[in-house]
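Before any comments, here is the structure.
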Amino acid sequence: METKTTESPISDADHLKKNGNEIHVFHICTNASVPEAEPKNATAEQQMLTPTKVYGRRWLMLLIFALVSMMNAFQWIQFSIITSLLSKYYGVDSQTVNWTSLVYMVVYVPLIFPGAWVMDKMGLRVTLLIGSFGTAAGAWIKVLSVAPDRFYVALIGQTMAAISQVFILSVPPNIAATWFGSNQVSSACSIGVFGNQLGVALGFLLPPILVKDGTIDTIGNGLSLMFYIVAGVCTALLIAVIVGFQAKPPLPPSVARYSNPSSTESTNYSQSIKRILLNRDYVILLVTYGINVGVFYAMSTLLNQTVLQHFPGQEESAGQIGLTIVVCGMAGSVLGGIILDRTHKFKETTLAVYGLAVVGMVAYTFSFNVELIAVTFVTAGAVGFFMTGYLPVGFEFAAELTYPEPEGTSSGLLNASAQIFGVVFTVLGGWLLPYYGDLVCNGTLTFALLIGAIMTVFIRPKLRRQKAVNGFQ
(Lines give C-alpha, C1' and ligand atoms only; values in the text may rest on other atoms or scores of the structure.)
Protein backbone atom coordinates (compact mmCIF):
# COMPACT_ATOMS: atom_id res chain seq x y z
CA MET A 1 0.00 0.00 0.00
CA GLU A 2 1.44 3.34 -1.02
CA THR A 3 1.42 6.20 1.47
CA LYS A 4 1.26 9.89 0.85
CA THR A 5 2.09 12.86 3.01
CA THR A 6 1.82 16.61 2.78
CA GLU A 7 2.68 17.31 6.37
CA SER A 8 6.06 18.96 6.26
CA PRO A 9 9.01 19.62 4.02
CA ILE A 10 11.38 16.68 4.38
CA SER A 11 14.17 15.36 2.23
CA ASP A 12 14.04 12.30 0.00
CA ALA A 13 16.67 10.62 2.18
CA ASP A 14 14.69 11.24 5.40
CA HIS A 15 11.48 9.93 3.91
CA LEU A 16 13.18 6.87 2.50
CA LYS A 17 14.55 6.05 5.93
CA LYS A 18 11.10 6.37 7.51
CA ASN A 19 8.81 4.70 5.02
CA GLY A 20 10.97 2.48 2.77
CA ASN A 21 11.16 2.54 -0.99
CA GLU A 22 7.54 2.45 -2.22
CA ILE A 23 6.42 5.91 -1.13
CA HIS A 24 5.09 9.20 -2.39
CA VAL A 25 6.92 12.29 -1.21
CA PHE A 26 5.45 15.78 -1.51
CA HIS A 27 7.99 18.58 -1.23
CA ILE A 28 6.45 21.81 0.02
CA CYS A 29 8.47 24.82 -1.04
CA THR A 30 8.16 28.30 0.37
CA ASN A 31 9.28 31.53 -1.20
CA ALA A 32 12.15 31.58 1.26
CA SER A 33 13.55 28.33 -0.11
CA VAL A 34 13.76 29.67 -3.67
CA PRO A 35 15.39 33.08 -3.46
CA GLU A 36 15.39 34.11 -7.11
CA ALA A 37 14.23 32.20 -10.15
CA GLU A 38 12.08 29.06 -10.26
CA PRO A 39 12.82 26.09 -12.53
CA LYS A 40 11.70 26.92 -16.04
CA ASN A 41 9.80 23.65 -16.53
CA ALA A 42 7.72 23.93 -13.36
CA THR A 43 4.59 26.04 -12.85
CA ALA A 44 4.01 27.94 -9.62
CA GLU A 45 1.52 25.28 -8.51
CA GLN A 46 4.01 22.49 -9.23
CA GLN A 47 6.64 24.28 -7.22
CA MET A 48 4.30 24.41 -4.24
CA LEU A 49 3.41 20.70 -4.45
CA THR A 50 5.91 18.45 -6.20
CA PRO A 51 5.06 14.70 -6.20
CA THR A 52 8.05 12.36 -6.34
CA LYS A 53 8.43 8.66 -5.80
CA VAL A 54 11.31 6.19 -5.58
CA TYR A 55 10.31 2.76 -6.86
CA GLY A 56 11.80 -0.52 -5.66
CA ARG A 57 11.89 -1.87 -9.23
CA ARG A 58 14.54 0.71 -10.11
CA TRP A 59 17.12 -1.93 -9.12
CA LEU A 60 15.71 -4.38 -11.66
CA MET A 61 15.97 -1.75 -14.41
CA LEU A 62 19.57 -1.04 -13.43
CA LEU A 63 20.42 -4.76 -13.28
CA ILE A 64 19.00 -5.49 -16.74
CA PHE A 65 20.90 -2.58 -18.24
CA ALA A 66 24.14 -3.48 -16.48
CA LEU A 67 24.00 -7.05 -17.84
CA VAL A 68 23.34 -5.87 -21.41
CA SER A 69 26.23 -3.44 -21.09
CA MET A 70 28.38 -6.25 -19.71
CA MET A 71 27.87 -8.48 -22.76
CA ASN A 72 28.47 -5.66 -25.21
CA ALA A 73 31.72 -4.70 -23.46
CA PHE A 74 32.81 -8.36 -23.34
CA GLN A 75 32.71 -8.49 -27.14
CA TRP A 76 34.90 -5.38 -27.41
CA ILE A 77 37.99 -6.99 -25.90
CA GLN A 78 37.37 -10.72 -26.51
CA PHE A 79 39.60 -10.76 -29.62
CA SER A 80 42.39 -8.37 -28.61
CA ILE A 81 43.29 -10.33 -25.48
CA ILE A 82 44.03 -13.42 -27.63
CA THR A 83 45.67 -11.52 -30.51
CA SER A 84 48.42 -14.12 -30.96
CA LEU A 85 45.91 -16.97 -31.31
CA LEU A 86 43.72 -15.09 -33.78
CA SER A 87 46.76 -14.20 -35.87
CA LYS A 88 47.61 -17.89 -36.01
CA TYR A 89 44.04 -19.08 -36.75
CA TYR A 90 42.98 -16.49 -39.31
CA GLY A 91 46.44 -15.83 -40.79
CA VAL A 92 46.33 -12.08 -40.14
CA ASP A 93 48.84 -9.78 -38.40
CA SER A 94 48.39 -8.16 -34.99
CA GLN A 95 47.56 -4.76 -36.46
CA THR A 96 44.62 -6.34 -38.29
CA VAL A 97 43.41 -7.98 -35.08
CA ASN A 98 43.64 -4.57 -33.38
CA TRP A 99 40.80 -3.45 -35.65
CA THR A 100 38.40 -5.71 -33.77
CA SER A 101 38.88 -3.26 -30.91
CA LEU A 102 39.30 -0.12 -32.99
CA VAL A 103 36.00 -0.68 -34.80
CA TYR A 104 34.20 -0.05 -31.49
CA MET A 105 35.80 3.38 -31.36
CA VAL A 106 35.56 4.27 -35.05
CA VAL A 107 31.83 3.60 -35.54
CA TYR A 108 30.87 5.41 -32.33
CA VAL A 109 32.00 8.83 -33.49
CA PRO A 110 29.72 9.29 -36.56
CA LEU A 111 26.80 7.57 -34.82
CA ILE A 112 26.92 9.46 -31.53
CA PHE A 113 24.45 12.13 -32.63
CA PRO A 114 21.85 9.71 -34.08
CA GLY A 115 22.27 7.57 -30.96
CA ALA A 116 21.81 10.54 -28.62
CA TRP A 117 18.79 11.64 -30.68
CA VAL A 118 17.15 8.25 -30.16
CA MET A 119 17.78 8.51 -26.43
CA ASP A 120 16.50 12.10 -26.39
CA LYS A 121 13.33 11.51 -28.40
CA MET A 122 12.39 7.86 -27.85
CA GLY A 123 13.55 7.24 -24.32
CA LEU A 124 15.42 4.56 -22.41
CA ARG A 125 13.36 1.51 -23.43
CA VAL A 126 13.69 1.98 -27.19
CA THR A 127 17.37 2.86 -26.82
CA LEU A 128 18.15 -0.28 -24.82
CA LEU A 129 16.04 -2.46 -27.12
CA ILE A 130 18.14 -1.36 -30.10
CA GLY A 131 21.37 -1.85 -28.18
CA SER A 132 20.49 -5.31 -26.86
CA PHE A 133 19.18 -6.50 -30.24
CA GLY A 134 22.34 -5.40 -32.04
CA THR A 135 24.56 -6.94 -29.37
CA ALA A 136 22.81 -10.31 -29.79
CA ALA A 137 22.84 -10.08 -33.59
CA GLY A 138 26.57 -9.34 -33.63
CA ALA A 139 27.22 -12.33 -31.37
CA TRP A 140 25.30 -14.70 -33.67
CA ILE A 141 27.11 -13.41 -36.75
CA LYS A 142 30.42 -14.28 -35.08
CA VAL A 143 29.18 -17.85 -34.60
CA LEU A 144 29.41 -18.10 -38.41
CA SER A 145 33.03 -16.89 -38.46
CA VAL A 146 34.63 -20.13 -37.23
CA ALA A 147 36.78 -20.95 -40.26
CA PRO A 148 40.33 -19.79 -41.02
CA ASP A 149 39.15 -17.84 -44.08
CA ARG A 150 36.29 -16.00 -42.34
CA PHE A 151 37.98 -13.25 -40.40
CA TYR A 152 35.85 -10.79 -42.37
CA VAL A 153 32.71 -12.43 -40.92
CA ALA A 154 34.08 -11.98 -37.41
CA LEU A 155 34.76 -8.32 -38.19
CA ILE A 156 31.19 -7.87 -39.52
CA GLY A 157 29.81 -9.30 -36.28
CA GLN A 158 32.17 -7.11 -34.28
CA THR A 159 30.99 -4.06 -36.23
CA MET A 160 27.34 -4.89 -35.44
CA ALA A 161 28.17 -5.11 -31.72
CA ALA A 162 30.16 -1.86 -32.01
CA ILE A 163 27.19 -0.04 -33.55
CA SER A 164 25.01 -1.32 -30.70
CA GLN A 165 27.44 0.19 -28.22
CA VAL A 166 26.21 3.62 -29.30
CA PHE A 167 22.85 2.82 -27.70
CA ILE A 168 24.37 1.45 -24.48
CA LEU A 169 27.45 3.41 -23.48
CA SER A 170 25.67 6.69 -22.67
CA VAL A 171 22.80 5.19 -20.67
CA PRO A 172 24.20 5.09 -17.07
CA PRO A 173 23.68 8.77 -16.10
CA ASN A 174 20.27 8.77 -17.80
CA ILE A 175 18.95 5.66 -16.07
CA ALA A 176 20.33 6.94 -12.77
CA ALA A 177 18.57 10.30 -13.11
CA THR A 178 15.34 8.73 -14.39
CA TRP A 179 14.89 6.08 -11.69
CA PHE A 180 16.95 7.09 -8.63
CA GLY A 181 16.58 9.78 -5.99
CA SER A 182 19.09 12.59 -5.61
CA ASN A 183 20.86 10.81 -2.74
CA GLN A 184 21.52 7.70 -4.91
CA VAL A 185 22.04 9.06 -8.41
CA SER A 186 25.86 9.00 -8.40
CA SER A 187 25.98 5.52 -6.90
CA ALA A 188 23.45 4.26 -9.46
CA CYS A 189 25.50 5.75 -12.28
CA SER A 190 28.62 4.02 -10.97
CA ILE A 191 26.78 0.68 -10.83
CA GLY A 192 25.64 1.21 -14.43
CA VAL A 193 29.24 1.77 -15.47
CA PHE A 194 30.17 -1.22 -13.30
CA GLY A 195 28.29 -3.48 -15.75
CA ASN A 196 30.47 -2.29 -18.63
CA GLN A 197 33.60 -2.81 -16.57
CA LEU A 198 32.50 -6.30 -15.56
CA GLY A 199 32.10 -7.15 -19.24
CA VAL A 200 35.62 -5.94 -19.99
CA ALA A 201 36.91 -7.94 -17.01
CA LEU A 202 35.27 -11.11 -18.29
CA GLY A 203 36.53 -10.28 -21.78
CA PHE A 204 40.06 -10.30 -20.40
CA LEU A 205 39.57 -13.45 -18.30
CA LEU A 206 37.49 -15.94 -20.30
CA PRO A 207 38.82 -15.92 -23.90
CA PRO A 208 42.32 -17.15 -22.89
CA ILE A 209 40.65 -19.90 -20.83
CA LEU A 210 38.16 -20.96 -23.52
CA VAL A 211 40.47 -20.63 -26.54
CA LYS A 212 43.67 -22.65 -26.08
CA ASP A 213 46.77 -22.57 -28.22
CA GLY A 214 47.41 -25.63 -30.35
CA THR A 215 46.37 -26.80 -33.79
CA ILE A 216 44.04 -24.81 -36.02
CA ASP A 217 41.20 -27.18 -35.09
CA THR A 218 41.88 -26.71 -31.37
CA ILE A 219 41.73 -22.92 -31.67
CA GLY A 220 38.61 -23.15 -33.87
CA ASN A 221 36.79 -25.34 -31.34
CA GLY A 222 37.61 -22.86 -28.58
CA LEU A 223 36.35 -19.93 -30.64
CA SER A 224 33.14 -21.79 -31.47
CA LEU A 225 32.47 -22.54 -27.80
CA MET A 226 33.07 -18.91 -26.83
CA PHE A 227 30.85 -17.54 -29.61
CA TYR A 228 27.91 -19.84 -28.76
CA ILE A 229 28.07 -18.99 -25.06
CA VAL A 230 28.11 -15.24 -25.77
CA ALA A 231 25.28 -15.47 -28.32
CA GLY A 232 23.09 -17.47 -25.93
CA VAL A 233 23.55 -15.06 -23.03
CA CYS A 234 22.94 -12.02 -25.27
CA THR A 235 19.71 -13.57 -26.56
CA ALA A 236 18.46 -14.21 -23.02
CA LEU A 237 19.19 -10.58 -22.10
CA LEU A 238 17.36 -9.32 -25.19
CA ILE A 239 14.28 -11.23 -23.98
CA ALA A 240 14.71 -9.71 -20.51
CA VAL A 241 14.75 -6.20 -21.99
CA ILE A 242 11.62 -6.89 -24.06
CA VAL A 243 9.72 -8.34 -21.12
CA GLY A 244 10.99 -6.41 -18.11
CA PHE A 245 12.62 -3.07 -18.92
CA GLN A 246 10.54 0.12 -18.53
CA ALA A 247 11.36 3.54 -19.97
CA LYS A 248 10.59 5.55 -16.83
CA PRO A 249 8.59 5.43 -13.58
CA PRO A 250 5.11 6.96 -13.37
CA LEU A 251 6.43 9.66 -11.04
CA PRO A 252 9.92 11.23 -11.04
CA PRO A 253 12.32 10.22 -8.24
CA SER A 254 13.46 13.72 -7.26
CA VAL A 255 12.67 17.41 -7.48
CA ALA A 256 15.56 17.91 -9.92
CA ARG A 257 14.05 15.30 -12.23
CA TYR A 258 10.63 16.91 -11.84
CA SER A 259 12.03 20.25 -12.95
CA ASN A 260 13.71 18.46 -15.87
CA PRO A 261 11.32 15.51 -16.14
CA SER A 262 12.66 13.68 -19.14
CA SER A 263 15.21 14.16 -21.81
CA THR A 264 12.53 13.06 -24.25
CA GLU A 265 10.76 16.38 -23.74
CA SER A 266 13.61 18.38 -25.25
CA THR A 267 12.15 20.56 -27.96
CA ASN A 268 15.31 21.43 -29.84
CA TYR A 269 18.02 18.80 -29.88
CA SER A 270 20.52 20.83 -31.91
CA GLN A 271 20.16 23.78 -29.56
CA SER A 272 20.84 21.49 -26.61
CA ILE A 273 24.08 20.30 -28.19
CA LYS A 274 25.05 23.89 -28.97
CA ARG A 275 24.49 24.99 -25.38
CA ILE A 276 26.54 22.07 -24.09
CA LEU A 277 29.45 22.74 -26.45
CA LEU A 278 29.46 26.44 -25.49
CA ASN A 279 29.91 25.45 -21.84
CA ARG A 280 33.60 26.19 -21.23
CA ASP A 281 33.99 23.88 -18.26
CA TYR A 282 32.26 21.00 -19.97
CA VAL A 283 34.48 21.34 -23.05
CA ILE A 284 37.59 21.04 -20.86
CA LEU A 285 36.08 17.96 -19.22
CA LEU A 286 35.27 16.63 -22.70
CA VAL A 287 38.96 16.69 -23.63
CA THR A 288 40.30 15.41 -20.31
CA TYR A 289 37.77 12.56 -20.17
CA GLY A 290 38.65 11.59 -23.74
CA ILE A 291 42.35 11.47 -22.90
CA ASN A 292 41.84 9.34 -19.79
CA VAL A 293 39.51 6.78 -21.35
CA GLY A 294 41.39 6.82 -24.66
CA VAL A 295 44.57 5.80 -22.84
CA PHE A 296 42.65 2.98 -21.14
CA TYR A 297 41.34 1.75 -24.51
CA ALA A 298 44.83 1.75 -26.03
CA MET A 299 46.39 0.10 -22.99
CA SER A 300 43.73 -2.65 -23.03
CA THR A 301 43.97 -3.29 -26.77
CA LEU A 302 47.77 -3.59 -26.68
CA LEU A 303 47.95 -5.52 -23.40
CA ASN A 304 48.40 -8.97 -24.94
CA GLN A 305 51.20 -7.79 -27.21
CA THR A 306 52.93 -5.86 -24.39
CA VAL A 307 52.86 -8.76 -21.93
CA LEU A 308 54.04 -11.33 -24.50
CA GLN A 309 57.06 -9.16 -25.34
CA HIS A 310 58.35 -9.73 -21.80
CA PHE A 311 56.65 -13.00 -20.87
CA PRO A 312 56.34 -15.23 -23.98
CA GLY A 313 53.57 -17.83 -23.92
CA GLN A 314 51.74 -16.08 -21.06
CA GLU A 315 48.40 -15.42 -22.83
CA GLU A 316 46.43 -16.39 -19.73
CA SER A 317 48.56 -14.11 -17.57
CA ALA A 318 47.85 -11.25 -19.98
CA GLY A 319 44.14 -11.90 -19.52
CA GLN A 320 44.53 -12.05 -15.76
CA ILE A 321 46.39 -8.72 -15.75
CA GLY A 322 43.54 -7.22 -17.75
CA LEU A 323 41.09 -8.71 -15.26
CA THR A 324 43.07 -7.15 -12.42
CA ILE A 325 42.92 -3.74 -14.10
CA VAL A 326 39.15 -3.84 -14.48
CA VAL A 327 38.25 -5.46 -11.15
CA CYS A 328 40.27 -2.81 -9.35
CA GLY A 329 38.54 -0.24 -11.55
CA MET A 330 35.15 -1.55 -10.44
CA ALA A 331 36.13 -0.96 -6.83
CA GLY A 332 37.30 2.52 -7.79
CA SER A 333 34.05 3.24 -9.62
CA VAL A 334 31.83 2.22 -6.73
CA LEU A 335 33.97 4.11 -4.23
CA GLY A 336 33.93 7.19 -6.45
CA GLY A 337 30.13 7.09 -6.67
CA ILE A 338 29.79 6.77 -2.90
CA ILE A 339 32.20 9.67 -2.32
CA LEU A 340 30.29 11.89 -4.75
CA ASP A 341 26.92 11.07 -3.17
CA ARG A 342 28.22 11.89 0.31
CA THR A 343 30.42 14.91 -0.39
CA HIS A 344 29.32 16.37 -3.76
CA LYS A 345 32.98 17.35 -4.23
CA PHE A 346 32.98 16.71 -7.97
CA LYS A 347 36.04 18.65 -9.05
CA GLU A 348 38.13 17.58 -6.10
CA THR A 349 37.27 13.91 -6.64
CA THR A 350 37.88 14.15 -10.39
CA LEU A 351 41.26 15.82 -9.93
CA ALA A 352 42.41 13.39 -7.24
CA VAL A 353 41.44 10.33 -9.28
CA TYR A 354 43.09 11.73 -12.41
CA GLY A 355 46.33 12.61 -10.65
CA LEU A 356 46.59 9.18 -9.02
CA ALA A 357 45.93 7.55 -12.42
CA VAL A 358 49.02 9.35 -13.72
CA VAL A 359 51.09 8.03 -10.81
CA GLY A 360 49.79 4.52 -11.40
CA MET A 361 50.56 4.69 -15.11
CA VAL A 362 54.14 5.73 -14.40
CA ALA A 363 54.57 2.72 -12.12
CA TYR A 364 52.99 0.40 -14.71
CA THR A 365 55.25 1.73 -17.47
CA PHE A 366 58.44 0.91 -15.58
CA SER A 367 57.19 -2.34 -14.03
CA PHE A 368 58.01 -4.33 -17.18
CA ASN A 369 61.69 -3.49 -16.73
CA VAL A 370 61.68 -5.49 -13.50
CA GLU A 371 60.74 -8.64 -15.47
CA LEU A 372 58.66 -9.95 -12.56
CA ILE A 373 55.08 -10.52 -13.62
CA ALA A 374 53.82 -10.14 -10.03
CA VAL A 375 55.01 -6.52 -10.05
CA THR A 376 53.10 -5.91 -13.27
CA PHE A 377 49.94 -7.29 -11.65
CA VAL A 378 50.27 -4.84 -8.74
CA THR A 379 50.94 -1.74 -10.85
CA ALA A 380 48.23 -2.68 -13.35
CA GLY A 381 45.76 -2.93 -10.47
CA ALA A 382 46.73 0.55 -9.29
CA VAL A 383 46.22 1.96 -12.80
CA GLY A 384 42.84 0.26 -13.07
CA PHE A 385 41.60 1.47 -9.70
CA PHE A 386 42.05 5.12 -10.64
CA MET A 387 41.85 5.18 -14.45
CA THR A 388 38.79 2.95 -14.80
CA GLY A 389 37.34 4.34 -11.58
CA TYR A 390 37.32 7.74 -13.29
CA LEU A 391 34.53 6.72 -15.72
CA PRO A 392 31.41 7.30 -13.54
CA VAL A 393 33.03 10.29 -11.86
CA GLY A 394 33.41 11.95 -15.27
CA PHE A 395 29.83 11.09 -16.23
CA GLU A 396 28.39 12.60 -13.08
CA PHE A 397 30.58 15.71 -13.24
CA ALA A 398 29.37 16.27 -16.82
CA ALA A 399 25.73 15.92 -15.73
CA GLU A 400 26.31 18.53 -13.01
CA LEU A 401 28.02 21.00 -15.37
CA THR A 402 25.37 20.75 -18.11
CA TYR A 403 22.11 20.42 -16.13
CA PRO A 404 19.28 20.66 -17.24
CA GLU A 405 20.46 19.37 -20.63
CA PRO A 406 19.76 15.64 -21.27
CA GLU A 407 22.23 13.35 -19.52
CA GLY A 408 22.36 11.12 -22.59
CA THR A 409 23.68 13.98 -24.71
CA SER A 410 26.42 15.09 -22.31
CA SER A 411 27.59 11.52 -21.65
CA GLY A 412 27.34 10.64 -25.33
CA LEU A 413 29.70 13.46 -26.24
CA LEU A 414 32.11 12.30 -23.52
CA ASN A 415 32.10 8.84 -25.02
CA ALA A 416 32.65 10.23 -28.52
CA SER A 417 35.70 12.09 -27.24
CA ALA A 418 36.95 8.87 -25.64
CA GLN A 419 36.55 6.96 -28.90
CA ILE A 420 38.44 9.60 -30.89
CA PHE A 421 41.34 9.64 -28.44
CA GLY A 422 41.15 5.85 -28.21
CA VAL A 423 41.64 5.47 -31.96
CA VAL A 424 44.54 7.95 -31.96
CA PHE A 425 46.30 6.37 -28.97
CA THR A 426 45.70 2.78 -30.12
CA VAL A 427 47.00 3.41 -33.64
CA LEU A 428 49.96 5.38 -32.27
CA GLY A 429 50.69 2.75 -29.62
CA GLY A 430 50.32 -0.06 -32.14
CA TRP A 431 53.00 1.63 -34.25
CA LEU A 432 55.34 2.49 -31.35
CA LEU A 433 55.20 -0.89 -29.61
CA PRO A 434 56.88 -3.12 -32.24
CA TYR A 435 59.42 -0.49 -33.35
CA TYR A 436 60.36 1.33 -30.12
CA GLY A 437 59.20 -1.00 -27.36
CA ASP A 438 56.71 -0.79 -24.53
CA LEU A 439 58.68 1.82 -22.56
CA VAL A 440 58.25 4.44 -25.29
CA CYS A 441 54.68 3.31 -26.01
CA ASN A 442 53.46 3.44 -22.40
CA GLY A 443 55.58 6.52 -21.70
CA THR A 444 53.73 8.38 -24.46
CA LEU A 445 50.39 7.35 -22.98
CA THR A 446 51.54 8.49 -19.53
CA PHE A 447 52.50 11.92 -20.89
CA ALA A 448 49.05 12.28 -22.43
CA LEU A 449 47.47 11.46 -19.05
CA LEU A 450 49.62 14.11 -17.38
CA ILE A 451 48.33 16.74 -19.81
CA GLY A 452 44.76 15.69 -18.99
CA ALA A 453 45.39 16.00 -15.26
CA ILE A 454 46.79 19.52 -15.68
CA MET A 455 43.80 20.58 -17.80
CA THR A 456 41.40 19.30 -15.12
CA VAL A 457 42.68 21.99 -12.74
CA PHE A 458 41.02 24.65 -14.92
CA ILE A 459 37.48 23.21 -14.70
CA ARG A 460 35.22 25.41 -12.58
CA PRO A 461 32.88 23.30 -10.39
CA LYS A 462 29.53 24.89 -11.28
CA LEU A 463 27.21 22.20 -9.89
CA ARG A 464 23.90 23.15 -11.51
CA ARG A 465 22.04 19.95 -10.70
CA GLN A 466 22.94 20.24 -7.02
CA LYS A 467 21.58 23.77 -7.01
CA ALA A 468 18.31 22.53 -8.50
CA VAL A 469 18.04 19.83 -5.84
CA ASN A 470 18.61 22.46 -3.15
CA GLY A 471 15.89 24.70 -4.54
CA PHE A 472 18.06 27.14 -6.55
CA GLN A 473 18.11 27.91 -10.28
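The values are calculated or read from the model by the stated rules, or taken from the named source; none is laboratory data. All figures in this text were calculated on a predicted structure; none of them were measured in a lab. Just the protein is used for accessible areas: all its heavy atoms, side chains included, with ligands, DNA and RNA removed. Shrake-Rupley method; radii C 1.70, N 1.55, O 1.52, S 1.80 Å.
I'd like the carbon and sulfur percentage of the solvent accessible area for region 327-385, probe radius 1.4 Å, heavy atoms only, ligands and nucleic acids excluded.
Numbers: 1920 of 2470 Å².
Its accessible area is 78 percent carbon and sulfur atoms.
Rolling a 1.4 Å probe across the protein heavy atoms gives region 114-172 an accessible surface of 35 Å² per residue. Note that region 358-473 presents 37 Å² accessible area per residue, ligands and nucleic acids not counted, probe 1.4 Å. So if I take the centroid of the Cα atoms in region 207-251 and the same for region 273-288, what is the distance between those two points in Å? Value for the Cα centre distance between the two parts: 36 Å. Legend: residues K53, K212, K347, sorted from most to least accessible area (1.4 Å probe; ligands, DNA and RNA excluded), read K212, K347, K53. Between region 444-464 and region 399-414, the C-alpha centres lie 18 angstrom from each other.
For region 418-471, with all protein chains in place and a probe radius of 1.4 Å, 74% of the accessible heavy-atom surface sits on carbon or sulfur. Quick one, can you get me the convex hull of the C-alpha atoms of region 95-155 expressed as volume per residue in Å³? About 75 Å³ per residue, rounded to a whole number. With the whole protein complex present, L450 retains an accessible surface near 80 Å², based on a 1.4 Å probe. Within the assembled protein chains, the solvent-accessible surface assigned to M105 is about 0 Å², based on a 1.4 Å probe. Normalising the average separation of contacting C-alpha pairs (under 8 angstrom, six or more residues apart) by the number of residues puts the relative contact order of region 372-473 at 34 percent.
Each part reduced to its alpha carbon centroid, region 329-377 and region 81-122 end up 26 Å apart. Across F366, F395, the residue with the most accessible area heads the list, and the full order at a 1.4 Å probe is F366, F395. To put it simply, the accessible area of region 84-203 at a 1.4 Å probe is 74 percent carbon and sulfur.
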